[in-house]
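Contents: one structure, followed by commentary.
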Amino acid sequence: MEPVPAAIIVNRRKFIQQSVVLGAGSTLLPQCGVQGQQQIPGSIVGANSKAGHLLTNQALANTPATQHLQTDTLIIGGGVSGLSAARWLHKHGYTNFLLAELDNQTGGNAASGQNVLTAYPWGAHYIPLPNNDLTAYLQFLQECGVITGYENNLPLINEFYLCFEPQERLYINGHWQDGLIPHFGNSPDEDKQAKQFFALIDTFKTAIGKDGKAAFAIPASTSSTDSRFTSLDAISMQQWMHQNNFTAAPLHWYINYCCRDDFGTDYSKTSAWAGIHYFASRKGKAANAPSQAVITWPQGNAFLASALKKDIEPNILTNTAALSVQQQGQWVTVKTIDTITQKISSIQCRQCIIATPQFVAVRLLADEQRKKMVAAHCQYYPWMVANIYTKKLTERKGAALSWDNVLYNGRGLGYIESTHQQVKQPGQHNVLTYYLPLTHASAKQERQKAYKNTHADWVTLLQNDLQIPHPDFNQQAIQADIWVWGHGMISPAPGYIHGNIRQQLQQPINNRVFFAHSDLAGISIFEEAFYQGINAAQQIIQSV
């Protein structure tokens, strides 16, 4: 997590520019006049909450089907876990399956968009270096060209996909500093506490429990169950900070920022085990990159989602929302609706994988006991993501424009420069992807407020935040499109990961209905969703 020493930074963009023949420059969007306050055009483009809310319509669930299909396995949900399950079945010779996705494209929160300047993410946008013991994950990354080979038993990461320098900066005290850990303007004691914190994290990285397992591992279910570590799940990350005499305001800001970024909730509501896992579980090493390196694409993790579906596209039913799941003897009957034609279908299958968040699964199953468990223990805060097309913005003093640009005490998490991975830079225009988890009130209150916001409301928020580091933002912004995720990732509240609720929710129903989603891990990262899909698919393979 600490900044990479300058001596080992590799300017990958220059390296690649010298290694390939560059094509013609990108075609730019038309120039736009000066934009004033409240006048930045654009629209609210997602997510497809209207289609998602179809499953709350009891009348539709009771409507007779006009089409009847049959398959061995039906996967409900085309996010990363659903795609991973489908890929695993296909790789092992199980090809009689269908995958139902309510949207017009698969990928879940790895959605992306594109304009004439660049592709850009609407959600998850990078992966850290992979841990070296994740065999199936490493094989997948090699299949899709992220890993190009091995040197001294360490993976070689495709230079096109390693994040170009400069990687990250923080706007603090009127100055852009290198790296996201606050240090510009810190007191000696504040710097000392930051060093002590990361020294303690290093001990957690190498800690082994009494059961011989790593204290913090990926997937989370492979971590040690030693109570010395699992007891950390009983308190919040904020409480743990105070218990360990970390009082420095910049360090508290940074830890809270990390929890908001990775879990979509404040550190006061995040399990200390999960907060430490964020830092201590990442142990990947590569032959051609430092451990802090990240892997990214202009379209974000949509690159990986596309690779997952490469061999299974004929099995995918898009614009298909599941309405109900019922077990009838040796069959599972799933009623679906075509979100375009409103046609109701019935799909009979021998096994069903529900690869959706649990708040969706409980509605499909109409299980009141499960519904109460999920309502009491599973929280999903909403997010707003904006993609902003701009002319070049005026920069404050300090570090240069980076891939990740964060504002100390900003309203949001800052923005990604979506053109950063382009070998040939686009000139006088840019696309910035801005992220904002909505965490001030309860998840339900934030969701209700988010759905009521107009495009102008969101634009005002963007203006108020981004004109602080970029004084001409209002004049240079050309277009701002908004995506509201009504339910973001699972928030690992204290007690969720090492309590018994998560374990109960994971259990298959009569060896017919299986579950796969990162919320069952309590930690919403790509690897967790990837392995959740594999685990569900493997359960089906073993049951046949």
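Using only Cα atoms, find the angle between the long axis of helix 368-377 and the longest principal axis of the chain, and express it within 0 to 90 degrees, rounded to the nearest 10.
10
What is the sum of charges, Lys and Arg at +1 and Asp and Glu at -1, for the other residues whose Cβ falls under 14 Å from the Cβ of Ser112?
Result for the neighbourhood of Ser112: -1.
In whole Å, what is the distance between the alpha-carbon centres of segment 224-271 and segment 317-371?
Taking the Cα centre of each part, segment 224-271 and segment 317-371 sit 37 Å apart.
Give the long-range amide H neighbours of Gly46: residues separated by 5 or more places, or on another chain, with amide H under 5 Å away, using H modelled in the peptide plane at 1.01 Å from N.
The answer is Val484.
Hey, can you grab everything whose amide H is under 5 Å from the amide H of Leu323? Only 5+ residues off in sequence or another chain; H modelled, so Pro and N-termini drop out.
Answer set, sorted by chain and number: Lys335, Thr336, Ile337.
Computing the accessible area with a 1.4 Å probe over protein heavy atoms, can you report the carbon and sulfur percentage for the chain?
50
Relative contact order for the chain using alpha-carbon pairs under 8 Å, separation at least 6, rounded to a whole percent?
Numbers: 1143 pairs, mean separation 140.0, N = 544.
26 percent.
So, for the chain, what is the accessible surface per residue at a probe of 1.4 Å, expressed in square angstrom?
Result: 41 Å² per residue.
Would you work out the relative contact order for segment 306-346, in percent, from Cα pairs under 8 angstrom that are 6 or more residues apart?
29
Please list 240-248, 167-175 highest first by mean number of surrounding beta-carbon atoms within 10 Å per residue.
167-175, 240-248
Among bridges DSSP assigns within the chain, what percent are antiparallel (round to 5)?
Bridges in the chain that DSSP calls antiparallel: roughly 70 percent.
If you average the sequence gap of Cα pairs under 8 Å that are 6 or more apart and divide by the length of segment 192-278, what percent do you get for the contact order?
27
Starting at the first residue of segment 219-235, write each ³J(HN,Hα) from the Karplus equation 6.51 cos²θ - 1.76 cosθ + 1.60 with θ = phi - 60°, in whole Hz, x for Gly and Pro.
Going residue by residue, I get x, 4, 5, 8, 6, 4, 9, 4, 4, 4, 9, 5, 5, 5, 6, 7, 10 Hz, with x marking Gly and Pro.
Projecting each Cα onto the charge dipole of the chain (Lys/Arg +1, Asp/Glu -1 at the beta carbon, about the Cα centre), which of Val294, Ala65, Thr454 comes out farthest on the positive side?
With unit charges placed on the Cβ atoms, the residue in question is Ala65.
Which of the peptides 39-46, 511-518 is most tightly packed, and how do the rest follow, judged by the mean count of other Cβ atoms within 10 Å per residue?
On the way: 39-46: 16.1, 511-518: 23.0.
Ranked from most to least packed, the peptides come out as 511-518, 39-46.
Taking a ≥ b ≥ c as the square roots of the eigenvalues of the Cα gyration tensor of segment 476-529, is the shape rounded (a/c under 1.5), prolate (a/b larger than b/c) or oblate? Walk me through the numbers before you get to the answer.
Numbers: a/c = 3.51, a/b = 2.17, b/c = 1.62.
Prolate shape, in that a/c is at least 1.5 and a/b is the bigger ratio.
How do Arg447, Arg370 stack up against each other in accessible area, from largest to smallest, with a 1.4 angstrom probe?
Working: Arg447 45, Arg370 20 Å².
So the residues, ranked largest to smallest area, are Arg447, Arg370.
Going by average Cβ density within 10 Å per residue, which order do the peptides 273-283, 109-119, 534-544, 187-197 take, highest to lowest?
273-283, 109-119, 534-544, 187-197
Between helix 443-452 and the chain, what is the angle of the helix's C-alpha long axis to the longest principal axis, kept within 0 to 90° and rounded to the nearest 10?
For 443-452 against the chain, the angle is about 80 degrees.
Quick one: angle between helix 188-206 and the longest Cα principal axis of the chain, in degrees between 0 and 90, rounded to 10, please.
With rounding to tens, the tilt is 40 degrees.
Calculate, in nm to one decimal, what Gln330 and Asp457 gain on full extension: separation in residues at 0.36 nm each, minus their alpha carbon distance.
40.5 nm
The values are calculated or read from the model by the stated rules, or taken from the named source; none is laboratory data. Note that the structure is a prediction, hence the values are computed from the model and not measured. Every residue, glycine among them, receives a Cβ derived from its backbone with ideal geometry; neighbour counts consider all protein chains shown. For accessibility, only protein heavy atoms count, side chains too; no ligands or nucleic acids. Shrake-Rupley method; radii C 1.70, N 1.55, O 1.52, S 1.80 Å.
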